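A.B. asks: First the structure, then my questions, so here it is.
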């Protein structure tokens, strides 16, 4: 498993999701192999992609927020890390196929507006862009590839099961918080 490096320089922006418990849980839940092609959707500050880059993988990452894209570029640069950083709404700005696709999606079942709300507001059931992400996953994974996502116990669990139906799903780790439980899932075709 990857180790979380608190020594990385991580600049923040009040309109961009900062590294939080879910980010650290995600980093510590999976490993990457040098040379692997990794895509992170919804990169926020870039903390997960930075850890992947530290481990010698080819990283492409993106976010729907222009401020997040700019911040991720700055954080990569200040830490002398390399990644392709793009503005994207799920897969819209991404081409190619990847070994691992990571998505710390907006999973809270609330409807809020604004740049920062894009990071957590998953709409009424908390699924947000997950249905679109899953429906096009096979178009972007290399053979034998996987996706790593974070989900919450606050999401509509029936709707979540429906979206994940037909995929192989493995729980990599869980973090019980006082009001919810976060789970990191590995998904394969």
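The values are calculated or read from the model by the stated rules, or taken from the named source; none is laboratory data. Just so you know, these numbers come straight off a predicted model, no measurement behind them. Counting neighbours? That spans all protein chains shown, and the Cβs are built from the backbone with ideal geometry, glycine included.
A.B. asks: So residue 111 ticks every box in (1) within 22 Å of residue 137 (Cα to Cα); (2) touching a strand residue (DSSP E or B) at 6+ places or on another chain (Cβ under 7 Å) but one. Which box is left unticked?
C.D. replies: Residue 111 satisfies every listed condition except (1).
A.B. asks: Just the residues that are out of contact with any strand residue (DSSP E or B) (no Cβ under 7 Å at 6 or more places or on another chain) and at pLDDT 95 or above, please, taken from segment 165-189.
C.D. replies: Selection gives 165, 166, 176.
A.B. asks: Going through segment 71-90 one residue at a time, which ones are farther than 24 Å from residue 182 by Cα and touching a residue at least 40 places away in the same chain (Cβ under 8 Å)?
C.D. replies: 71, 74, 75, 78, 79, 85, 88
A.B. asks: Could you check segment 14-30 and list, in sequence order, the residues that are surrounded by fewer than 19 Cβ atoms within 10 Å (Cβ to Cβ), modelled with pLDDT of 95 or more and in contact with a helix residue (DSSP H, G or I) (Cβ under 6 Å, 6 or more places away or on another chain)?
C.D. replies: If the condition is that a residue be surrounded by fewer than 19 Cβ atoms within 10 Å (Cβ to Cβ), modelled with pLDDT of 95 or more and in contact with a helix residue (DSSP H, G or I) (Cβ under 6 Å, 6 or more places away or on another chain), then no residue fits.
A.B. asks: Condition (residue is at pLDDT below 95 and within 13 Å of residue 49 (Cβ to Cβ)) applied to segment 116-123: is it met by at least one residue?
C.D. replies: The answer is no; no qualifying residue exists.
A.B. asks: For segment 3-23, state whether one or more residues are in contact (Cβ under 8 Å) with a residue 40 or more places away in the chain, closer than 27 Å to residue 123 by Cβ, touching a strand residue (DSSP E or B) at 6+ places or on another chain (Cβ under 6 Å) and not in a loop (DSSP other than H, G, I, E, B).
C.D. replies: Checking segment 3-23: at least one residue is in contact (Cβ under 8 Å) with a residue 40 or more places away in the chain, closer than 27 Å to residue 123 by Cβ, touching a strand residue (DSSP E or B) at 6+ places or on another chain (Cβ under 6 Å) and not in a loop (DSSP other than H, G, I, E, B).
A.B. asks: Right, next: Return a yes/no flag: does segment 31-53 have any residue that is surrounded by fewer than 21 Cβ atoms within 10 Å (Cβ to Cβ), within 15 Å of the chain's Cα centre (by Cα), at pLDDT 95 or above and assigned to a loop (DSSP other than H, G, I, E, B).
C.D. replies: Checking segment 31-53: at least one residue is surrounded by fewer than 21 Cβ atoms within 10 Å (Cβ to Cβ), within 15 Å of the chain's Cα centre (by Cα), at pLDDT 95 or above and assigned to a loop (DSSP other than H, G, I, E, B).
A.B. asks: Go through segment 54-65 and count every residue that is surrounded by fewer than 19 Cβ atoms within 10 Å (Cβ to Cβ) and either modelled with pLDDT under 95 or on the phi > 0 side of the Ramachandran plot (or both).
C.D. replies: Summing the residues that are surrounded by fewer than 19 Cβ atoms within 10 Å (Cβ to Cβ) and either modelled with pLDDT under 95 or on the phi > 0 side of the Ramachandran plot (or both) in segment 54-65 gives 1.
A.B. asks: Restricting to segment 66-84, name every residue that is surrounded by 24 or more Cβ atoms within 10 Å (Cβ to Cβ) and out of contact with any strand residue (DSSP E or B) (no Cβ under 8 Å at 6 or more places or on another chain).
C.D. replies: Hits for segment 66-84 are 68, 71, 75.
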